[in-house]
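Have a look at the structure below, then the notes.
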Amino acid sequence: MSVNDGKKLLHVESIDVSYGKLKVIFDVSLYIDDGEVVVLVGRNGAGKTTLFRTIAGFLKIRKGAIRYREEEINPYKAFEVAQKGIRYIHQDKHVFSTLSVSENLELAGHAIGNKDFGPVFEYFPKIETLLDRRAGNLSGGERQMLLIAMALLGKPDLILMDEPTEGLAPHIITDLATSFKKISKTTTLFIIEQNLPLTAQIADRVYCMREGGIVAEIESKDEIKKMSFEKYL
Amino acid sequence: MWKKTLDRLGPLLVVLLVTVLRYLFPNKISFFTEIAIYTIYVMGNNILYGYLGLVSFGQPFYLGIGGYATALFLAYVGHNPLVALLLGIGSGLVFGIVLGPSFIRLKSSYFALINAALCAIGVFIFERLLIDITRGNDGLWFRSNMSKLPLLDVRLPQSFFLFVVIVLFLVLMIYRHLDRSTLGTMFRGLQSNEEKLKFIGYDTFKIKWVGFTIASCFSTFAGSLYAINFGFVNPSLGENSRAVEVIVATLLGGSGTVYGPFFGAFAFLGIKDIVSRWITRWELVVGILTILVLFRFSKGIWGTIQQYLLGIQKRVSGSNDIRSPKGSRSAGAGS
């Protein structure tokens, strides 16, 4: 596996992460370039979500470093990492369920001083029709759209999405795949995904994770299209 | 439509209702004065419980702090009740800023208990430690030291009622603005999903701290008003045996709402007033009602009224859409 040493958007360097004494991430290194769609695949329990939570600032590393635009971000707290321009969309699709859709957007916009929702409505026009609805009443697909819309406010450089299509109907997954393509023109995406055909469709590069370590990096478009990463799962 | 109208006119309607009732029941002026003050007290607890999701068994401590800040000023330093009230609010600000960072780090149950412990310490301080200046259980009397205000003599019950009603109106306006502001949305967002709030870039510690401090200010302000109303204070104002009362009032009215504290204060004090005429243990009825509210009307009085009005609106418009008017929220939420 090659870890490019050039100027990267995100550079994870040989990190170990533990829950108490239990080590769950072992010497993981990876990088994300500007404008890429990178997908992280792996079985349940491989450590994918732990890796994302670590990048997002919720877990601390035992060794190594995480650099974002050359700056070491591992000492930062989660909210400071978000303020740096990294947004994390958790897999549980939890929005602020007791608030309206517009209040959800307002909160996300206020955090980065951007109240112009127009650009995100271009990606998800449906959200604009749901502004007065209580977020807890949205369907799974609508919630996912809202979460991505909230993450997109303020044009972040990098969005980490943890299994964005989990539990969604096939036609919604198709719509989201189209949205990912559009979003990736302006924002770098790092996605955990179990849906292999979707991964083959959207990924520029694929990292495969198993038992807390990166076991493969697939860069070839042909290999990705052929879903050759499946053998590492 | 009705919701927007209620939202705009709410503070005025509340104040009008209290005033009309006061004139309908002229011998109940102290009762209606207490409702206005207790509403402000419940508002403080509502910020903690209804907006931030924190249960505190120590709110009487802050009530006592406000009461004593006002009483000590009027007994020993000055005569102006407005300055004394500002001192009361200031004491809440100081205690909120000083205690907040250590208290809000605690998990919800520990937060509740540390406030209860603080309450016990507070009573000891008021009753024993500072007995030379607080006069312990005998209480500190200062009514004769108070000067009258330019337009109102707050030493007189009728004038003080008017003063409190004006204060309630202003406080409700501020509270409504807070509820509608981004800070209010942050508070509710924090209760809904604290981790998510961090994901999108908020320092939730600071949000809780601000909320805790605002809640303290409301409680100490209510304590100051109590002190001026009675013209004296004693340690019973801050007793932690009364800590549950404000939580019950918050639940009864509808937590996380602007007008819930008024309905909660009205219902709680009303039940107490009526039932205590017949039963010594009036708490029994309040207890039964609380259980009923928790199991059957979790949105409280104001939340249930809102739900009822929304149902009527839906029937009138014939709409099955689950959309709700702007600002309407879940359990116990909404203006």
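Look at the stretch B:103-128 and say how many of its residues are farther than 20 Å from B:Leu140 by Cβ, open to solvent by 20 Å² or more (accessible area, probe 1.4 Å) and of a type in the set (Phe, Trp, Tyr).
So the answer is 1.
What number of residues within the stretch A:64-73 are under 18 Å from the mean Cα position of the chain (by Cα) and either open to solvent by 30 Å² or more (accessible area, probe 1.4 Å) or facing another protein chain (nearest Cβ under 8 Å) (or both)?
Residues in the stretch A:64-73 being under 18 Å from the mean Cα position of the chain (by Cα) and either open to solvent by 30 Å² or more (accessible area, probe 1.4 Å) or facing another protein chain (nearest Cβ under 8 Å) (or both): 2 in total.
So, A:Ile224, is that one touching a residue at least 40 places away in the same chain (Cβ under 8 Å) and in contact with a Ser or Thr (Cβ under 8 Å, 6 or more places away or on another chain) or not?
The answer is no for A:Ile224.
Kindly provide the set of residues from the stretch B:161-186 that are over 22 Å from B:Arg8 (Cβ atoms), buried (at least 23 other Cβ atoms within 10 Å of the Cβ) and touching a residue at least 60 places away in the same chain (Cβ under 8 Å), ordered by number.
Listed by number, the list holds a single entry, B:Val164.
Just name the residue that is nearest to the other protein chains (Cβ to nearest Cβ) out of those in the stretch A:112-141 that are more than 21 Å from B:Thr185 (Cα to Cα) and either in contact with a helix residue (DSSP H, G or I) (Cβ under 7 Å, 6 or more places away or on another chain) or crowded, with 16+ Cβ neighbours inside 10 Å (or both).
Among those residues, the one meeting the criterion is A:Lys126.
Here are B:Arg155, B:Arg180: which of them is away from every other protein chain (no Cβ under 13 Å) and among the basic types (Lys, Arg)?
Among B:Arg155, B:Arg180, only B:Arg155 is away from every other protein chain (no Cβ under 13 Å) and among the basic types (Lys, Arg).
Filter the stretch A:143-171 down to the residues that are open to solvent by 20 Å² or more (accessible area, probe 1.4 Å) and among the charged types (D, E, K, R), then identify the one that is nearest to the other protein chains (Cβ to nearest Cβ).
A:Arg143
Report, ordered by the first and then the second residue, all pairs with beta carbons closer than 8 Å, sequence separation of six or more or different chains, a first member in the stretch A:49-76 that is over 23 Å from A:Gln194 (Cα atoms), and a second member that is open to solvent by less than 30 Å² (accessible area, probe 1.4 Å) and among the acidic types (Asp, Glu).
A:Ile61/A:Asp16; A:Arg62/A:Asp16; A:Lys63/A:Asp16; A:Gly64/A:Asp16
Report whether or not A:Lys60 is under 24 Å from B:Glu195 (Cβ atoms) and open to solvent by 30 Å² or more (accessible area, probe 1.4 Å).
Spelling it out, A:Lys60 is indeed under 24 Å from B:Glu195 (Cβ atoms) and open to solvent by 30 Å² or more (accessible area, probe 1.4 Å).
Surrounded by 14 or more Cβ atoms within 10 Å (Cβ to Cβ) and among the β-branched types (Val, Ile, Thr): does that describe B:Val98?
So B:Val98 does not fit the description; no.
Sort out which residues of the stretch B:66-90 are open to solvent by 20 Å² or more (accessible area, probe 1.4 Å) and either in a helix (DSSP H, G or I) or out of contact with any Ser or Thr (no Cβ under 9 Å at 6 or more places or on another chain) (or both), and write them in order of number.
B:Ala69, B:Leu72, B:Phe73, B:Ala75, B:Tyr76, B:Val77, B:Leu82, B:Val83, B:Leu86, B:Leu87, B:Ile89, B:Gly90
On the given criteria, is A:Ala78 over 19 Å from A:Pro164 (Cα atoms), of a type in the set (A, V, I, L, M) and surrounded by fewer than 20 Cβ atoms within 10 Å (Cβ to Cβ)?
Against the criterion (over 19 Å from A:Pro164 (Cα atoms), of a type in the set (A, V, I, L, M) and surrounded by fewer than 20 Cβ atoms within 10 Å (Cβ to Cβ)), A:Ala78 does not qualify.
Considering the stretch B:11-44 alone, what residues qualify as being farther than 19 Å from B:Asp273 by Cβ and in contact with a Phe, Trp or Tyr (Cβ under 8 Å, 6 or more places away or on another chain)?
B:Pro11, B:Leu12, B:Val15, B:Met43, B:Gly44
Could you grab me the full set of residues in the stretch A:74-85 that are more than 7 Å from chain B (Cβ to nearest Cβ) and out of contact with any Asp or Glu (no Cβ under 6 Å at 6 or more places or on another chain)?
The answer is A:Asn74, A:Pro75, A:Tyr76, A:Lys77, A:Glu80, A:Val81, A:Lys84.
Kindly indicate whether A:Ser14 is assigned to a strand (DSSP E or B) and either open to solvent by 30 Å² or more (accessible area, probe 1.4 Å) or under 30 Å from B:Arg180 (Cβ atoms) (or both).
So A:Ser14 fits the description; yes.
Mind checking which residues of the stretch A:198-223 are part of a helix (DSSP H, G or I) and over 24 Å from A:Thr50 (Cα atoms)?
A:Gln201, A:Lys221, A:Asp222, A:Glu223, listed by residue number.
Given the condition open to solvent by less than 60 Å² (accessible area, probe 1.4 Å), within 14 Å of another protein chain (Cβ to nearest Cβ), touching a helix residue (DSSP H, G or I) at 6+ places or on another chain (Cβ under 9 Å) and at negative phi, answer yes or no: does some residue in the stretch A:42-53 qualify?
Yes, the conditions are met somewhere in the stretch A:42-53.
Could you list, in sequence order, the residues of the stretch A:13-44 that are modelled with pLDDT of 90 or more and polar (S, T, N, Q)?
A:Ser14, A:Ser18, A:Ser29
Tell me whether the stretch B:270-279 contains one or more residues that are open to solvent by 40 Å² or more (accessible area, probe 1.4 Å) and outside any helix (DSSP H, G or I).
Checked the stretch B:270-279: at least one residue is open to solvent by 40 Å² or more (accessible area, probe 1.4 Å) and outside any helix (DSSP H, G or I).
From the residues in the stretch A:86-111 that are open to solvent by less than 10 Å² (accessible area, probe 1.4 Å) and closer than 22 Å to A:Asp34 by Cβ, which one is farthest from the other protein chains (Cβ to nearest Cβ)?
That would be A:Ile86.
Take the residues in the stretch B:195-239 that are in contact with a strand residue (DSSP E or B) (Cβ under 6 Å, 6 or more places away or on another chain), buried (at least 24 other Cβ atoms within 10 Å of the Cβ) and more than 10 Å from chain A (Cβ to nearest Cβ), then tell me which one is nearest to B:Arg128 (Cα to Cα).
Per the criteria, the residue is B:Val233.
Does the stretch A:21-40 include one or more residues that are facing chain B (nearest Cβ under 10 Å) and open to solvent by 30 Å² or more (accessible area, probe 1.4 Å)?
no
The values are calculated or read from the model by the stated rules, or taken from the named source; none is laboratory data. Bear in mind the structure is a predicted one, so any value in this text is a computation, not a measurement. Quick reminder, even Gly has a Cβ in these numbers, built from the backbone with ideal geometry, and neighbours come from all protein chains shown. Just so you know, the surface numbers come from the protein's heavy atoms only, side chains and all, with ligands and any DNA or RNA stripped out. Shrake-Rupley method; radii C 1.70, N 1.55, O 1.52, S 1.80 Å.
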